[in-house]
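Visitor: Here you go, one structure.
The values are calculated or read from the model by the stated rules, or taken from the named source; none is laboratory data. Note that the structure is predicted; figures quoted are calculated from it, not measured. A quick note on method: Cβ atoms are made from the backbone with ideal geometry, for glycine too, and the neighbour counts reach across all protein chains shown. All accessible areas refer to the heavy atoms of the entire protein, side chains included, with ligands and DNA or RNA removed. Shrake-Rupley method; radii C 1.70, N 1.55, O 1.52, S 1.80 Å.
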Amino acid sequence: MTKKDAPPRWDRRMQQRLARGEAAALGECYDRFASLVHGLAHRVLGDEAAADSITREVFAHLWEHPEEYDPKRSPLRSWIALLTHRLAVRRLRATETAALARDGRTTPEELEHKVHRAAVAARADYIVTAMPVPLRAALERAYFQRRDYRQTAADLGITADEARRRLRLGLQLLSTAYETDPSGAPDEPGAA
């Protein structure tokens, strides 16, 4: 078994265990993905209590509908992130629509713009956390620590060319955060 085969096999076994109703499987999924779910939900909603609520909803949905996840289509991590995104955006729209009805100052276009910004930010966060460690390490040094590619190379013990390659690839991955459906709604998890 190669390291590359491990996640799909784990995902397949996890889906089977959840389908059999093994509570321990849900606990393992929670341990592995709760911080991802909470972080994405918080990024979209900007509210700790709402993120907690979405986290509970995601894992309740996984427990009640394990058959919706298809390991052949995507890793469980991606499916859970997509489900989180969908539920958080739905909650944000409902919350903002209610606020719009109350105050009348926010236009529907402003609401959609706010939802779209939150969706892009959440997707960018997910992309950064899901990217391979060497790419993430290079981006973190270059952008959060304000290191140039030469300093990044020295910090990581790699050549300057390799640092530039990692930064370029990391930025290319990150740029896909803006490639969302104009409505801001991703495909439904489990949809064909």
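Visitor: Conditions first: (1) open to solvent by 50 Å² or more (accessible area, probe 1.4 Å); (2) more than 26 Å from residue 33 (Cα to Cα); (3) modelled with pLDDT of 75 or more. Residue 172 passes all but one, so which condition is the exception?
Guide: Going through (1) open to solvent by 50 Å² or more (accessible area, probe 1.4 Å); (2) more than 26 Å from residue 33 (Cα to Cα); (3) modelled with pLDDT of 75 or more one by one, residue 172 breaks only (2).
Visitor: Here's a follow-up. Could you pull out the residue among 12, 73, 77, 17 that is free of Cβ contacts under 8 Å to residues at least 24 places away in the same chain, among the basic types (Lys, Arg) and within 27 Å of residue 132 (Cα to Cα)?
Guide: None of the other options fit; the residue is 73.
Visitor: Can you say whether residue 154 is at pLDDT 80 or above and either open to solvent by less than 50 Å² (accessible area, probe 1.4 Å) or within 17 Å of residue 93 (Cβ to Cβ) (or both), as far as the supplied structure shows?
Guide: Here the answer is no, as residue 154 does not meet what is asked.
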